[in-house]
Every structure is written in C-alpha cells, then in structure tokens.
Amino acid sequence: MKKVRMIAQGRVQGVGFRWGVFSLAQEIGGITGRVWNRDDGTVEILAQSEDPSLMAKFIQEIRKGPTPFSKVTYLDVTMSNFESYSDFKISN
C-alpha cells in the first residue's frame, strides 16, 4: 500500500479544489483517503492506493490543478503512515 501526504499551495481554496480532488479520486479509481482545507490557505490530502501507477497519475493531475479555476504553485508530496481508509471523502 502506497500512502502519501500532500500539501497543495496556490489558488486552492474557494475554487472547488477539494471537490475536484474528490472527483479525480473517483474517476481514477483505486484511490482512497481524505482532503481538507487548512487554516493557512493550503489544502491537505491523504491518499493511498495499492497501485503505484494510479497514485502517480493522481499526483500528476493534482499538480495540474483538478479544477479550471485552481492553480497549484507548489505540491509537497511525502510518504506517510496514517490510518487506512476504505473510501475518499472531503473532510472539514
């Protein structure tokens, strides 16, 4: 299981970014985790997948910006160890 923690910076709040990340996870399939806004204006994503190629595609699409109005200027991606999720949800 590959698990990553991502922090997205840029125009990522107020532009449907979390919904875009959620939709992207559903579209790709095989990705579970959580996404939420942080108080500092960034968005945090915890994602996991059994398939490294699906995870690579997910990360690549997030770097591009999952919605037309979002603009990711920096994406910090680190391997992580968090509880396993059976679905993908938007958290508050």
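The values are calculated or read from the model by the stated rules, or taken from the named source; none is laboratory data. Predicted model, so just to flag it, every value in this text is computed and none were measured. Glycine gets a Cβ as well: all are built from the backbone with ideal geometry, and neighbour counts include every protein chain shown. In case anyone asks, the SASA skips ligands and DNA or RNA and just uses the protein heavy atoms, side chains included. Shrake-Rupley method; radii C 1.70, N 1.55, O 1.52, S 1.80 Å.
See the values below:
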| item | result |
| --- | --- |
| Degrees separating the helix 17-28 axis from the principal Cα axis of the chain, which is the longest one | 30 degrees |
| Degrees between helix 52-64 axis and first principal axis of the chain (Cα, 0 to 90, nearest 10) | 0 degrees |
| Per residue accessible area of region 2-90, 1.4 Å probe, in Å² | 53 Å² |
| Ranked by how many other beta carbons lie within 10 Å on average, peptides 69-80, 21-32 from highest | 21-32, 69-80 |
| From phi via Karplus (6.51, -1.76, 1.60), per-residue ³J(HN,Hα) for region 67-80 in Hz, x at Gly/Pro | 10, x, 9, 7, 9, 8, 8, 7, 10, 8, 10, 10, 5, 9 |
| Gained length - ASN81 relative to LYS64, 0.36 nm times residue gap less alpha-carbon distance | 3.6 nm |
| Most positive-pole-ward Cα, MET79, ASN37, GLN9, against dipole of the chain from beta carbon charges | GLN9 |
| Where Rh is the Kirkwood radius over Cα pairs, Rg/Rh for the chain | 0.92 |
